Amino acid sequence: HVQLVESGGGLVQAGGSLRLSCAASGRTSSSYAMGWFRQAPGKEREFVAAIGGSSRYADSVKGRFAISRDNAKNTVYLQMNSLEAEDTAVYYCALRSGQAAVAESTLYDHWGPGTQVTVSS
């Protein structure tokens with residue numbers, strides 16, 4: 001059973017930075033990709049970034065967010081810079097088997113409970 005736990009969310013002013021972490025534990029496969037998604041109030045969950053054999057980003061965060069991973073710690077990070085009020089959401093990490101860093105949420109098998117990010121303008 002795979003468990004994901006996010007941390008690092010909080011309240012930040014517009015223009016500020018936060019770094020989210022997501023630690024995976026349990027029976028992870030030797031090859032997996034991880035992604036970050038977010039859901040704002042009244043909106044559907046949307047893709048933010050993913051990393052596997054390569055990385056990919058939503059257009060809305062390119063140049064501002066950076067995803068990275070520490071395989072030894074089974075942890076993925078999301079460095080968020082130049083935050084905007086529109087980035088306010090609950091951020092979820094997800095894990096899928098294989099190296100494909102996909103943007104489709106239905107292709108991820110495991111999800112964390114989420115962490116709140118609030119950007120004040």
For a quick check of your reading of the model, give me the residue pairs whose first member lies in the range 1-26 and is within 10 Å of V119 (Cα to Cα), whose second is of a type in the set (S, T, N, Q) and open to solvent by 30 Å² or more (accessible area, probe 1.4 Å), with beta-carbon atoms closer than 7 Å and at least 6 apart or on different chains. L11/T118; L11/S120; Q13/S120; A14/S120; A14/S121; G15/S82; S17/N81
Can S29 be described as within 22 Å of A100 (Cβ to Cβ), touching a residue at least 40 places away in the same chain (Cβ under 8 Å), in contact with a strand residue (DSSP E or B) (Cβ under 9 Å, 6 or more places away or on another chain) and of a type in the set (S, T, Y)? yes
Would you be able to tell me the number of residues in the range 79-121 that are part of a loop (DSSP other than H, G, I, E, B), at pLDDT 95 or above and polar (S, T, N, Q)? 3
Condition set touching a Lys or Arg at 6+ places or on another chain (Cβ under 8 Å) and part of a loop (DSSP other than H, G, I, E, B), scope the range 6-51, selection most open to solvent (accessible area, probe 1.4 Å): answer is R45
Residue among S121, S82, S68 that alone is surrounded by fewer than 15 Cβ atoms within 10 Å (Cβ to Cβ), under 11 Å from the mean Cα position of the chain (by Cα) and touching a residue at least 12 places away in the same chain (Cβ under 8 Å): S68
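The values are calculated or read from the model by the stated rules, or taken from the named source; none is laboratory data. Being a predicted model, the structure only gives us computed values, none of them experimental. Quick reminder, even Gly has a Cβ in these numbers, built from the backbone with ideal geometry, and neighbours come from all protein chains shown. We work out accessible area using only protein heavy atoms, side chains counted, and drop any ligands, DNA or RNA first. Shrake-Rupley method; radii C 1.70, N 1.55, O 1.52, S 1.80 Å.
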